[in-house]
Amino acid sequence: MMDFEVECKRILFLMTPATYRSGAFLNAAQRLGLEVVVGIDLPETLSDYWHVPLGLDFSQVEASIQTIIDFAQTHPFMAILSLDDSASELAARASVALGLAHNSPHASEAARDKLLMRRLMSAGGAPCPIFREFWLHADPVEMARQVSFPCVLKPRRLSGSRGVIRADTVPEFVSAFHRLKRLLINEGYSENETSFLVEDFIPGFEVALEGLLTHGELKVLTLFDKPDPLDGPFFEETIYVTPSRLSGEMQQAIAQCVATAARSLGLREGPVHAELRVNDQGPWMLEIAGRSIGGLCSTVLEFGSGICLEELILRHALGEDLASVERDGGAAGVMMIPIPKAGILRSVHGIEEAQAVPFITGIEITARLHNQLVPLPEGASYLGFIFARGETPEAVEEAIRQAHQHLHFEIRREIPLLNRSLPAV
Ligand code: ADP
Ligand code: CA
């Protein structure tokens, strides 16, 4: 079933220069003998300068679609895959134009815009929190009168928990509002035209599901528990461990919930990464994205004999039947190491000790020395990743915690130069 003819098969990857995920996809494509064309989000001048064959400007969707269509006349693609959320609609629309199987542009849009997602999910019967839309130009005290506490303020189109802030009281709401507003304006959103979401806070345990959709059918690839409490006010991703320690019955209910959510958005093809909360009332949808897990997290997953998640996604995009693929036995986990405070990263210690902890399979420090670190809710990156594999989820979780204890990050606040008095001459 895993047979794969090695003939020239061309695939288009859409990516931004900043993506963490290109390495894994490019390696997988190479293993499969695919010819890869990279459509990269760059200003035209730079793509000419660097001889990028397919330089695209993701913000110019119509022009980018035309560039892809023109290129495909002489170099036809079997599939188009967006490695970043920012190109998922472009991938969908270019696929429609070229007659390739893909999620519809509307579904891709819904998986990116949390307001549209909530509307469609609640209409489609997926359990999700009560939500309201508010505008950046409106009065936060007035808003606070209309919501119930605790609640969560949330931007529509950011990711990685950026700008997601819990508020328990009116003053907390007002300060969270100002913080979110500042962040969105810094990101280039206009005060008058931007809305955001306020949702009821759903207490409970959080999980993440990796799945593949084929003609609308969901195949669960793996379910991760997030064993650290995520109660706010900010929500840093930390530890993911699979297999889940939840009951089989609850795992079934979670899969059902994700299938309903995917159906309500119209997601039908390719990878999904869904996040849910679980409490006495069962599973609740937080979000569903039409892509695989972010960062370097997928490294811990293996399917069949040494097949990685990215290879599975590529095989799926090329139309292979993957119904019987299962994740390899054993437990696996990853920690996205959160940034504890703002400042300049001066040094990192303890990597060897952390690496020596049993079951730890790797430590990647992705933050650069001497660069400014920005924690949540404004920041968009991690210090790095800790990976582990072992017999049981308990052992993997414990190993990750121990390894994290060994790591020391020296982060110094910048002293503004202007405040230093100059010596008298
Ligand atoms: P993002 O796309 O930025 O990751 P999410 O909607 O996934 O946005 O929210 C990020 C995190 O914030 C979630 O993983 C969860 O921990 C927390 N969160 C978001 N919405 C809620 C909610 N309604 N109730 C409780 N926690 C929430
Ligand atoms: Ca999320």
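The values are calculated or read from the model by the stated rules, or taken from the named source; none is laboratory data. Treat the numbers as computed from the prediction; the structure is a model and nothing was measured. In this analysis, Cβ positions are derived from the backbone assuming ideal geometry, glycine residues included, and neighbour counts consider all displayed protein chains.
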>> Looking at (1) free of Cβ contacts under 8 Å to residues at least 60 places away in the same chain; (2) in contact with a helix residue (DSSP H, G or I) (Cβ under 7 Å, 6 or more places away or on another chain); (3) more than 14 Å from ligand 2 (Cβ to nearest atom); (4) within 21 Å of Gly204 (Cα to Cα), which one does Val170 not meet, given that it meets all the others?
In response: (4)
>> Please go through (1) surrounded by 17 or more Cβ atoms within 10 Å (Cβ to Cβ); (2) within 16 Å of ligand 2 (Cβ to nearest atom); (3) closer than 14 Å to Leu197 by Cβ for Phe134 and return the number of the only condition it doesn't satisfy.
In response: (2)
>> Checking the condition buried (at least 19 other Cβ atoms within 10 Å of the Cβ) and either among the hydroxyl-bearing types (Ser, Thr, Tyr) or modelled with pLDDT of 95 or more (or both), which residue from Ser59, Ser148, Ser122, Ser64 passes?
In response: Ser64
>> Where the second residue is buried (at least 17 other Cβ atoms within 10 Å of the Cβ) and of a type in the set (Lys, Arg) and the first is free of Cβ contacts under 8 Å to residues at least 60 places away in the same chain and assigned to a helix (DSSP H, G or I) and lies in the stretch 53-74, which pairs have Cβ atoms under 6 Å and are six or more apart or on separate chains?
In response: Ile65/Arg93
> Based on what the data block shows, is Arg112 surrounded by 16 or more Cβ atoms within 10 Å (Cβ to Cβ) and not in a loop (DSSP other than H, G, I, E, B)?
Replying inline: no
>> Checking Arg118 against (1) away from ligand 2 (no atom under 16 Å from the Cβ); (2) charged (D, E, K, R); (3) touching a strand residue (DSSP E or B) at 6+ places or on another chain (Cβ under 8 Å); (4) assigned to a helix (DSSP H, G or I): exactly one of these is not met. Which one?
In response: (1)
> Which one of Ile239, Ile254 is within 16 Å of ligand 2 (Cβ to nearest atom), touching a residue at least 40 places away in the same chain (Cβ under 8 Å), over 25 Å from Phe131 (Cα atoms) and not assigned by TED's automatic domain parsing to the domain that holds Glu142?
Replying inline: Ile239
> Residues of the stretch 123-143 being within 26 Å of Thr169 (Cβ to Cβ) and either in a helix (DSSP H, G or I) or small (Gly, Ala, Ser) (or both), which ones?
Replying inline: Ala138, Pro140, Val141, Glu142, Met143
> If we keep just the residues of the stretch 281-301 that are assigned to a strand (DSSP E or B) and within 11 Å of ligand 1 (Cβ to nearest atom), which is nearest to Thr19 (Cα to Cα)?
Replying inline: Ala289
> Do we have Ser190 as within 15 Å of ligand 1 (Cβ to nearest atom) and either part of a loop (DSSP other than H, G, I, E, B) or within 20 Å of the chain's Cα centre (by Cα) (or both) here?
Replying inline: no
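Given the criterion within 30 Å of Leu153 (Cβ to Cβ) and either more than 16 Å from ligand 1 (Cβ to nearest atom) or free of Cβ contacts under 8 Å to residues at least 40 places away in the same chain (or both), identify the matching residue among Pro229, Pro233.
Only one candidate qualifies: Pro229.
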